[in-house]
1. Looking at 102, 53 in this structure, which one is closer than 30 Å to residue 32 by Cα, β-branched (Val, Ile, Thr) and away from the ligand (no atom under 13 Å from the Cβ)?
2. Can you name the residue in region 88-99 that is open to solvent by 10 Å² or more (accessible area, probe 1.4 Å) and within 13 Å of the ligand (Cβ to nearest atom) and, of all such residues, is farthest from residue 131 (Cα to Cα)?
3. Could you list, in sequence order, the residues of region 254-284 that are of a type in the set (Ser, Thr, Tyr) and within 16 Å of the ligand (Cβ to nearest atom)?
4. Could you please find all residues in region 11-42 being farther than 14 Å from residue 189 by Cβ, touching a residue at least 60 places away in the same chain (Cβ under 8 Å) and open to solvent by 60 Å² or more (accessible area, probe 1.4 Å)?
5. Go through region 228-280 and count every residue that is among the charged types (D, E, K, R) and closer than 21 Å to residue 166 by Cα.
6. How many of the residues in region 127-140 are more than 11 Å from the ligand (Cβ to nearest atom) and either touching a residue at least 40 places away in the same chain (Cβ under 8 Å) or under 19 Å from residue 76 (Cα atoms) (or both)?
7. From the list 174, 181, exactly one residue is in the same structural domain as residue 223 (by TED's automatic domain parsing), more than 16 Å from the ligand (Cβ to nearest atom) and under 19 Å from the mean Cα position of the chain (by Cα). Which is it?
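The values are calculated or read from the model by the stated rules, or taken from the named source; none is laboratory data. Nothing here was measured: the structure is a model prediction, and the numbers come from that model. Note: ideal-geometry Cβ built from the backbone for every residue, glycine included; neighbour counts use all protein chains shown. Protein only, heavy atoms only, side chains kept; ligands, DNA and RNA dropped before computing areas. Shrake-Rupley method; radii C 1.70, N 1.55, O 1.52, S 1.80 Å.
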Amino acid sequence: MKVAYNYLPMQFSDVDKIIADWKKLVRSTEFTLGPFVERFEKEFAEFIGCKHVISTNTGTDALILALKAIGVGPGDEVISVPITFFATIGAIVAVGARPVFVDIDDRYQMDIDHIQKAITRRTKAILPVHWGGASPAMPAIMKLAAKFGLKVVEDACMAPGGDIRGKHPGTFGHANAWSMHPLKPLNVMGDGGMVSTNDNGLADWMRMYRNHGMIDRDHNSIWGVNMRLQPLQAIVASHVLKTVPKTVAIRNKNMQILDKGLKKLAGLVIVPSRPEGYRETFSLYMARFKKRDALMQYLIKHGIEAKIHYPVPLHLQKAAKGLGYKQGDFPVAEKYAKEIMTLPAHQYISTDQIDYTLKAIKAFYMQG
Ligand SMILES: Cc1ncc(COP(=O)(O)O)c(C=O)c1O
């Protein structure tokens, strides 16, 4: 049996409705921003319960735009985590600031107990990540940020469809970034991203900056860049957005079966806790496994496309050399990087495929 990680061939097997809208776009020739982009921004703002959504061409640009909007620049420090995708930290460096890492907790999220120690007089912002589609303790992070006069940018790239006690991830921070990369719960046929904010002033600035700082065709008020979302992708996003609640619901059902099966392997597999009131999106279904590398090879040999997100924490990457970190600085992140594995758990996986995955894991451990 094959258990594929990639769900895109299934997800985009029927694209007639998307193509019908693309034809409307072609007839309208509204190829930069325009009504399809505006429609999607409104739909997404409504979906997450936020005042403004400013779409961008990537999630990385969304992070850069959000950081710039809240005034992060050279000389500033931004607190984030060493277990995330490169883009989170790359965006901090791209705006000229210095990333400061704090360790993660047993749910692979920013450990709030470490934040206060990392705050210096240069700290401008906290950048928590909704890693894997689970969420850090956003209410506590906001409280801490308010106490120290810091801004918060959420990396909510993996979080569309999540929930934190009735509030959507990406609506807590001052300006929050989203990605529509193909392997995100809200995805397009290429790249896309957005920033969400409830702040009118930040929203106006971001709309302007992502479009050359233009007020109109002949005037600009600031020096901006082009970070615009393609209308072709805005159309895809509008269609996919309608499917997000169902996608997340199915992934949550898959999680329950996987969690239950893996918990039977206590001592060999550690499943993260699932706190009450938090709905995860399972952009990544992750757990920690004894003999992870050998198990992963075994699973791949048996057709199960397991992955690692990621084997090297960011403070130990070559790119982080100048930041002055060393092995041992973030023991939890370093330990988990050696143990963590992602199993296919997407919306097109069948119960049989989940059973097959669980049986294969058990068989691996049984062989000693
Ligand atoms: C946590 C996280 N942040 C940022 C990004 C960057 O998004 P993009 O690829 O759209 O630039 C990604 C994914 O690609 C991500 O997983």
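1. Sole residue among the options that is closer than 30 Å to residue 32 by Cα, β-branched (Val, Ile, Thr) and away from the ligand (no atom under 13 Å from the Cβ): 53.
2. Among those that are open to solvent by 10 Å² or more (accessible area, probe 1.4 Å) and within 13 Å of the ligand (Cβ to nearest atom), it is 94.
3. 281, 283
4. Across region 11-42, the qualifying residues are 30, 31, 32, 39.
5. 8
6. 2
7. The unique qualifying residue is 174.
Conditions tested, residue by residue: (1) in contact with a Ser or Thr (Cβ under 6 Å, 6 or more places away or on another chain); (2) buried (at least 17 other Cβ atoms within 10 Å of the Cβ); (3) without any contact (Cβ under 8 Å) to a residue 40 or more places away in the chain; (4) under 24 Å from residue 134 (Cα atoms).
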site	(1), (2), (3), (4)
46	no, no, yes, yes
55	no, yes, no, yes
67	no, yes, no, yes
74	no, no, yes, no
81	no, yes, no, yes
86	no, no, no, yes
104	no, yes, no, yes
123	no, yes, no, no
